[in-house]
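The values are calculated or read from the model by the stated rules, or taken from the named source; none is laboratory data. Remember, it's a predicted structure, so these values are computed and weren't measured experimentally. Cβ placement follows ideal geometry from the backbone for every residue including glycine, while neighbour counts extend to all protein chains displayed.
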């Protein structure tokens, strides 16, 4: 087979071409057809195949995750029961609206029971969260170091949740108009925070208020 064999190809008389030339021409035609078929037909099919493979891997992962959840379903149920019990126990430590006055009285009595003198006991404005409300109480009490410590301990032992925040303790000021050395009396200022759970109507009202605020921001 020589190069001249390709220069003098007569397509109308292709049947009489030498076998090697025919073989080369067939390979060339095959390669051209293969390239055209790949570009116009198969490339899209390969892309779809890759997409399908990726989707298969995603579905396989979802299946395995769901299978693991199904296998551990009973354990999850038991865990949910324990969580509900714990949540219920914590919720019982939050008074409802009708019990708040009694709780405020308990805090006040805890101080009086330790012989403390209240100079300030002022409930503040409630702040509402998702299912509970927080009430700050500004307090200022006078007493000995030991009694102030005992008062803080009594507060922590109340059946309801009460926390003491922003504590500051300082010696009592010298009595006005009397020339004598101050005794061991101290003054403690703090913000006591207590919490109560919202009833169904309050939760519904809060959700409606929050939704209205979101709507105003959207505008």
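Of 61, 92, which residue is at pLDDT 80 or above and either exposed (fewer than 10 other Cβ atoms within 10 Å of the Cβ) or not assigned by TED's automatic domain parsing to the domain that holds residue 136 (or both)?
61
Quick check on my filter: what residues within the stretch 153-163 are touching a strand residue (DSSP E or B) at 6+ places or on another chain (Cβ under 7 Å) and under 16 Å from residue 109 (Cβ atoms)?
Those that are touching a strand residue (DSSP E or B) at 6+ places or on another chain (Cβ under 7 Å) and under 16 Å from residue 109 (Cβ atoms): 155, 160, 162.
Can you tell me which residue among 103, 112 is within 25 Å of residue 206 (Cα to Cα) and part of a helix (DSSP H, G or I)?
Matching residue, one of 103, 112: 103.
So, residue 119, is that one assigned by TED's automatic domain parsing to the domain that holds residue 155, more than 30 Å from residue 203 (Cα to Cα) and not in a helix (DSSP H, G or I) or not?
Yes, satisfied.
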